[in-house]
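The values are calculated or read from the model by the stated rules, or taken from the named source; none is laboratory data. Please read these numbers as outputs of a predicted model, since none were measured by experiment. All Cβ positions, even for glycine, are placed from backbone atoms using ideal geometry, and neighbour counts span all protein chains on display. Side chains are part of the model used for accessible areas, which takes the heavy atoms of the whole protein and leaves out ligands, DNA and RNA. Shrake-Rupley method; radii C 1.70, N 1.55, O 1.52, S 1.80 Å.
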Amino acid sequence: MFKRSKRALAILATLLVGPAAAEVYNIDSEHSSVAFSIRHLVSRTSGNFHEFTGTISYDATAPEKTAVEAIIQVASIDTDNIKRDAHLRSGDFFDAEQFPTITFKSTHVALKGETLELTGEFTMHGVTSTITFPVEILGTGTHPYSQKPIVGFDAQTVIKRSDYGVNN
């Protein structure tokens, strides 16, 4: 069976409130994605989690002070196969009834060139561990309709699901 899953997170954040230096953004689920790809037998299967929320505190002049909190609703998993999705939600895999969320809360950020190295507590299936992954800063700007500040990021990591008790 497949042992690794690759989670990609592309985030377009919109302004929530703005303290003096850093802006605090809501993750905009309409313009963002939480996607994954897993090995299954001799192929790859991909999918998304459609329901997620979170905040990002970001200051372009001090990106190393970035803070991120994110929550993914496990039941929102979608691999474009209803039967497989139901199986993934079951106790055989994610057990969405007992463990309804996947969470991440950053604890440290380092600036490595133009990439942020984001470290934090990742919790899936009731197991928490510290993970670190690179985050590409896609840019900042002003939303053309709301005229509020926006910022975009892209992050990817590889997670071994058995480390979290998901279908050992």
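The condition of being under 25 Å from residue 46 (Cα atoms), among the charged types (D, E, K, R) and in contact (Cβ under 8 Å) with a residue 60 or more places away in the chain holds for only one of 92, 85, 80, 163, that being 92. Counting only residues that are open to solvent by 40 Å² or more (accessible area, probe 1.4 Å), among the polar types (S, T, N, Q) and in a strand (DSSP E or B), segment 143-168 holds 1 of them. Considering (1) modelled with pLDDT of 95 or more; (2) exposed (fewer than 15 other Cβ atoms within 10 Å of the Cβ); (3) in contact with a strand residue (DSSP E or B) (Cβ under 7 Å, 6 or more places away or on another chain), the lone condition that residue 114 does not fulfil carries the number (1). In this structure, residue 107 does not satisfy being open to solvent by 30 Å² or more (accessible area, probe 1.4 Å), under 13 Å from the mean Cα position of the chain (by Cα) and at pLDDT 95 or above. Looking at segment 25-42, can you tell me whether even one residue there is part of a strand (DSSP E or B), modelled with pLDDT of 90 or more and open to solvent by 40 Å² or more (accessible area, probe 1.4 Å)? Scanning segment 25-42, I find at least one residue that is part of a strand (DSSP E or B), modelled with pLDDT of 90 or more and open to solvent by 40 Å² or more (accessible area, probe 1.4 Å), so the answer is yes.
Please determine whether any residue of segment 62-71 is closer than 19 Å to residue 131 by Cα, part of a loop (DSSP other than H, G, I, E, B), in contact (Cβ under 8 Å) with a residue 24 or more places away in the chain and not basic (Lys, Arg). Yes, because at least one residue in segment 62-71 is closer than 19 Å to residue 131 by Cα, part of a loop (DSSP other than H, G, I, E, B), in contact (Cβ under 8 Å) with a residue 24 or more places away in the chain and not basic (Lys, Arg). When residues in segment 54-102 are screened for being among the hydroxyl-bearing types (Ser, Thr, Tyr), at pLDDT 95 or above and more than 20 Å from the chain's Cα centre (by Cα), 1 of them pass.
Could you grab me the full set of residues in segment 100-142 that are within 14 Å of residue 161 (Cα to Cα), assigned to a loop (DSSP other than H, G, I, E, B) and of a type outside the set (Gly, Ala, Ser)? Hit for segment 100-142 is 125, nothing else.
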